[in-house]
Amino acid sequence: MQEMLSPDKILDKLSDGFVARSKASSRKLLILSFLAGAFIALAAQASTFASFNLLANKETLGIGKLVQGLAFTPGLIFVLIAGAELFTGNSLMMISKLDKKITGKELLRSWGLVYLGNFIGSVFIAFLMLKSGQWNNADAMVGARTILIANGKVNLGLGQALILSILCNWLVCLAVWMATGADSTIGKMFCAFFPISLFVTSGFEHSIANMYYVPAGIFAKSVPEYVAASGLTDVALANLNWGNFIIHNLLPVTIGNIIGGVTFVALAYWLAYRNKENK
């Protein structure tokens with residue numbers, strides 16, 4: 001049985017692999033990124049459903065966060081095994097740019113298309129969940145928790161959102177990095193499982209997951225029963241809107257995700273394993 005690739009070999013594999021992906025057609029990138037956004041959103045909604053009652057009490061908060069993490073983890077596994085394009089994991093495309101195998105224009109084009117596709121896929125699932133009636137469960141407490149999660153995210157301070165998102169994508173890219181070196185499906189699943197469950201349990205901020213969590217909360221806010229069950233007033237929910245989502249959450253979290261993945265995984269390993277000639 002083949003052994004796990006060494007870090008220098010993982011670096012080479014990612015560097016070569018992202019070249020073709022950077023040059024893929026817009027149609028292909030949008031389809032695959034839509035799927036990735038949907039996969040992450042499906043995992044996010046499941047994590048809410050699995051933990052909504054545990055998160056309501058301080059005595060069970062830690063267990064609730066753990067359950068959230070366990071339920072969310074299949075999202076990245078689907079991306080890695082089924083095949084899809086996820087913006088946060090694609091921060092590692094910077095390795096190909098550092099190796100001068102792709103241009104900055106190709107990097108930004110790919111990132112932009114994948115980000116757009118992820119957004120469409122995530123919001124699509126949020127809308128379907130609103131229409132599904134699943135948030136009515138437990139006397140509308142699932143819908144209430146959907147609102148509470150989203151409201152917490154749009155009220156994060158700028159520095160807090162930035163730090164939490166840096167830590168998040170450090171772990172996400174580490175999961176992708178290790179999964180790239182695994183030689184079996186089971187190996188890839190385990191490589192993804194631990195970093196992803198760790199970031200969700202820790203409450204770190206993931207831009208693509210937030211493309212589900214916050215729009216879902218905005219949609220849920222339109223249902224009076226969910227708002228009443230949340231126990232929040234209109235004043236407390238004043239910041240839960242599309243403008244605050246984009247400016248106060250999605251933008252800083254996206255920047256932090258890029259910093260975390262590029263700096264602490266892509267650049268760190270590139271500096272460790274590339275010699276002067278390769279620079």
*So what J values fall out for region 88-100 if you push phi through Karplus, 6.51 cos²θ - 1.76 cosθ + 1.60 with θ = phi - 60°, rounded to Hz, Gly and Pro as x?*
5, x, 6, 4, 5, 4, 4, 4, 5, 5, 5, 7, 6
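Could you compute how fast region 125-277 diffuses translationally, taking Rh as the Kirkwood radius over C-alpha pairs and applying Stokes-Einstein at 37 °C with viscosity 0.692 mPa s? Give it in µm² per second. Working shown, then result.
Numbers: Rh = 16.9 Å.
Once the numbers are plugged in, D ends up at 194 µm²/s.
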*In degrees from 0 to 90, rounded to the nearest 10, what is the angle of the helix 158-181 Cα long axis to the longest principal axis of the chain?*
50
*Separation of alpha-carbon centers, region 130-199 and region 80-121, rounded to whole Å*: 19
*asked:* Below 27 Å, Cα to Cα, which lysines can Lys58 reach? Residues fewer than 8 away in the same chain don't count.
replied: Lys153, Lys221
*With Rg and Dmax of the Cα atoms in Å in mind, check (1) 27.6, 113; (2) 17.2, 48; (3) 18.9, 64 and report the label derived from this structure.*
(3)
*asked:* Need the C-alpha centroid separation for region 209-272 versus region 1-48, integer Å.
replied: 22
*Ignoring ligands, DNA and RNA, what percent of the 1.4 Å accessible area of the chain is carbon and sulfur?*
67
*In nm, to one decimal, how far is the modelled label at Ala268 from the one at Leu108, with both set 7 Å along Cα→Cβ?*
2.7
*Please find, in a Gaussian network model of the chain (springs between Cα atoms separated by less than 10 Å), the residue of Leu11, Leu92, Leu61 whose mean-square fluctuation is greatest.*
Leu61
*Figure the gain on full extension for Asn239 and Leu251 (residue separation times 0.36 nm, minus the Cα-Cα span) and round it to one decimal in nm.*
2.8 nm
_If I model a spin label at Asp8 and Lys131 as a point 7 Å from the Cα along the Cα→Cβ vector, what separation in nanometres do I get?_
5.4
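Once the other residues with Cβ under 13 Å from the Cβ of Lys101 are scored (Lys, Arg +1; Asp, Glu -1), what is the net sum?
Details: positive: Lys13, Arg21, Lys23, Lys97, Lys100, Arg274; negative: Asp12, Asp16, Asp99, Glu106.
So the surrounding residues net to +2.
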_Relative contact order of the chain, defined on C-alpha pairs under 8 angstrom at six or more residues apart (%)_ = 29
*How large is the charge dipole for the chain, taken about the Cα centre, if only the Cβ atoms of Lys, Arg (+1) and Asp, Glu (-1) carry charge, to the nearest 20 debye?*
720
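Assuming R0 = 41 Å, can you tell me the calculated FRET efficiency for the pair Phe190 and Ala228, based on Cβ-Cβ distance, to the nearest 0.05? Before the final figure, lay out the partial values.
Values: r = 43 Å, r/R0 = 1.04.
For Phe190 and Ala228, the calculated efficiency is 0.45.
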*Could you pull out every one of the lysines with an alpha carbon less than 26 Å from that of Lys13, ignoring same-chain neighbours closer than 8 positions?*
Lys23, Lys28, Lys97, Lys100, Lys101, Lys105, Lys188, Lys276, Lys279
*Which listed residue (Asn244, Phe34, Cys191) has the Cα farthest towards the positive end of the charge dipole for the chain, taking +1 on Lys and Arg C-beta and -1 on Asp and Glu C-beta about the Cα centre?*
Phe34
*First measure r as the distance between the Cβ atoms of Ala50 and Lys23, then evaluate 1/(1 + (r/R0)^6) with R0 = 45 Å and state the FRET efficiency to the nearest 0.05.*
0.70
*Return a whole-number percent for the relative contact order of region 151-276, with Cα pairs under 8 Å and 6 or more residues apart as the contact set.*
46
*Summing -39500 (n - 2.57) over the DSSP H runs of n ≥ 4 in the chain and dividing by its residue number, what mean residue ellipticity at 222 nm do you reach, to the nearest 500 deg cm²/dmol?*
-22500 deg cm²/dmol
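The values are calculated or read from the model by the stated rules, or taken from the named source; none is laboratory data. The structure presented is a predicted model; accordingly, all values stated were derived computationally and were not measured. Here Cβ is always computed from backbone atoms with ideal geometry, including for glycine, and neighbour counts include all displayed protein chains. Ligands, DNA and RNA are stripped out before the accessible areas are found, and what is left, the full protein with its side chains, is counted by its heavy atoms. Shrake-Rupley method; radii C 1.70, N 1.55, O 1.52, S 1.80 Å.
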